[in-house]
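Colleague: After the structure tokens below, expect a handful of questions from me.
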Amino acid sequence: MIRLAASVLGYDIWFYISHVILHTKYFYPYHKEHHYIVEPTFLDTYVGHRLEGPFQGVGMFVPYLFWEYTLYETVLILLFLNVRGMMRHDRRCAPIIGDHHLIHHRSQAYNYGEYWIDYLCGTLKR
């Protein structure tokens, strides 16, 4: 269980960093396609430049440098991260998971990652 949590934590930290990078003037041209949709649904989760997904997802694999993972664990982590990502992009899931990322789609200078990391980094908007 610790390996799964470590991969989710690695993903969350790198996702935040990479998302902030994607909002800089140098990289926003690659990310702006994702923000054309101000009120996204789960179907819009993967709208974006073809390099954006792999770039934002590599943090999940940092713990793989320290531990050996089974295929089952990898599939479970990917399933969790993808379902959570789709839920973050759909207003219908807000009662379950919150509207933190939906606020980011309306106000792009805030809420780059998970609630806790935005709080710690001073980029939280409620």
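Here, each number is a calculation from the coordinates, and none is a lab measurement. Keep in mind the model is a prediction, meaning the values are calculated, not measured. Please note: Cβ atoms are built from the backbone with ideal geometry, for glycine as well, and neighbour counts cover all protein chains shown.
Colleague: I'd like the FRET efficiency for Ala109 and His49, computed as 1/(1 + (r/R0)^6) with the beta carbon distance as r and R0 of 22 Å, rounded to 0.05.
Modeller: Approximately 0.60, to the nearest 0.05.
Colleague: Follow-up question, since we're still on this one. On a 0 to 90 degree scale, rounded to 10, what angle separates helix 71-88 from the longest Cα axis of the chain?
Modeller: 20
Colleague: Still on this structure, I have one more. Can you compute the modelled spin-label distance between Asn82 and Ile97, with each label point 7 Å from Cα toward Cβ, in nm?
Modeller: 1.3
Colleague: In what sequence do Phe15, Phe27 fall when counting other Cβ within 10 Å, fewest first?
Modeller: Phe27, Phe15
Colleague: Also: When only Cα pairs under 8 Å and 6 or more residues apart are kept, what is the percent relative contact order across the stretch 2-121?
Modeller: 34
Colleague: Something else: Which GluC sites (Glu not before Pro) in the stretch 1-102 sit in a loop by DSSP (not H, G, I, E or B) and have at most 11 other Cβ atoms within 10 Å of their own Cβ?
Modeller: Of the GluC sites (Glu not before Pro), the ones in loops of the stretch 1-102 whose Cβ has at most 11 other Cβ atoms within 10 Å are Glu68.
Colleague: Assign unit charges at the C-beta atoms only (+1 for Lys and Arg, -1 for Asp and Glu), then state the dipole size of the chain relative to its Cα centre in Debye, rounded to the nearest 20.
Modeller: For the chain, the charge dipole is close to 300 debye.
Colleague: Here is a further query. Name the residue from Tyr69, Ser107, Phe27 whose Cα lies farthest towards the positive end of the charge dipole of the chain, charges +1 on Cβ of Lys and Arg and -1 on Cβ of Asp and Glu.
Modeller: Projecting each Cα onto the dipole axis, the largest value belongs to Ser107.
Colleague: Moving to a separate point now. Taking θ as phi - 60°, what are the ³J(HN,Hα) couplings along the stretch 101-117 by the Karplus curve (6.51, -1.76, 1.60), each to the nearest whole Hz, with x for Gly and Pro?
Modeller: Per-residue couplings from phi come out as 6, 5, 4, 4, 5, 8, 9, 6, 8, 9, 6, 7, x, 6, 3, 5, 6 Hz.
Colleague: Could you give the distance between the Cα centres of the stretch 90-114 and the stretch 1-36, to the whole Å?
Modeller: Cα centroid of the stretch 90-114 versus Cα centroid of the stretch 1-36: 14 Å apart.
Colleague: Further question: Determine, for Tyr36, Tyr30, Tyr16, Tyr11, the number of other Cβ atoms within 10 Å of each Cβ, and report the residues in order from fewest to most.
Modeller: Taking fewest neighbouring Cβ atoms as first place, the list is Tyr36, Tyr30, Tyr16, Tyr11.
Colleague: Separate question: How much length is gained if the chain between Phe42 and Leu71 is pulled fully straight, taking 0.36 nm per residue apart and subtracting their Cα-Cα distance, in nm to one decimal?
Modeller: Working it through step by step, the gained length comes to 7.9 nm.
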